[in-house]
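The structure appears below as structure tokens.
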Amino acid sequence: MPETTQDVRRLTADALVPGTTVCYHHRQGRDLATITETDGTFVTFVGENCDARFTHRQIERLLDAGRLEIVLTDDDS
């Protein structure tokens with residue numbers, strides 16, 4: 001029987017570049033926002049109802065928890 005290897009590809013904060021749209025899930029709900037700045041230490045995003053600046057480590061935790069998602073389409077279906 002062939003040996004199986006798990007090829008896990010994980011989304012990291014390095015994938016977030018200015019102009020990327022994200023969905024941020026927070027205590028009051030969820031909001032779409034646009035990444036405005038990444039400088040190697042912080043990631044900043046701005047949305048209609050949310051503005052945030054997180055360290056890369058905090059972004060990694062948000063991604064792992066499913067609280068921050070990259071939006072690939074503008075359809076909300």
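The values are calculated or read from the model by the stated rules, or taken from the named source; none is laboratory data. Computed from a predicted model, the values in this text were never measured in an experiment. Glycine gets a Cβ as well: all are built from the backbone with ideal geometry, and neighbour counts include every protein chain shown.
Evaluate the following for Asp39: is it surrounded by fewer than 16 Cβ atoms within 10 Å (Cβ to Cβ) and modelled with pLDDT under 90?
Details: surrounded by fewer than 16 Cβ atoms within 10 Å (Cβ to Cβ): yes; modelled with pLDDT under 90: no.
So Asp39 does not fit the description; no.
Among residues of segment 52-72 that are within 18 Å of Gly19 (Cα to Cα), those with a Cβ under 6 angstrom from a residue that is among the β-branched types (Val, Ile, Thr) and surrounded by 14 or more Cβ atoms within 10 Å (Cβ to Cβ), sequence gap 6+ or separate chain, pair up as Arg53/Thr44; Phe54/Val43; Ile59/Val43; Leu68/Val22; Ile70/Val22; Val71/Thr21.
Considered as a group, the residues in segment 35-77 that are farther than 21 Å from Arg10 by Cα and among the polar types (S, T, N, Q) include one that is nearest to the chain's Cα centre (by Cα), and that residue is Thr36. Can you confirm whether segment 12-22 contains a residue that is in contact with a strand residue (DSSP E or B) (Cβ under 7 Å, 6 or more places away or on another chain), at pLDDT 90 or above and over 17 Å from Glu69 (Cβ atoms)? Yes, there is a match, as at least one residue in segment 12-22 is in contact with a strand residue (DSSP E or B) (Cβ under 7 Å, 6 or more places away or on another chain), at pLDDT 90 or above and over 17 Å from Glu69 (Cβ atoms).
Which numbered condition trips up Ala33, out of (1) assigned to a strand (DSSP E or B); (2) over 11 Å from Leu68 (Cβ atoms); (3) hydrophobic (A, V, I, L, M, F, W, C)? Condition (2) is where Ala33 drops out.
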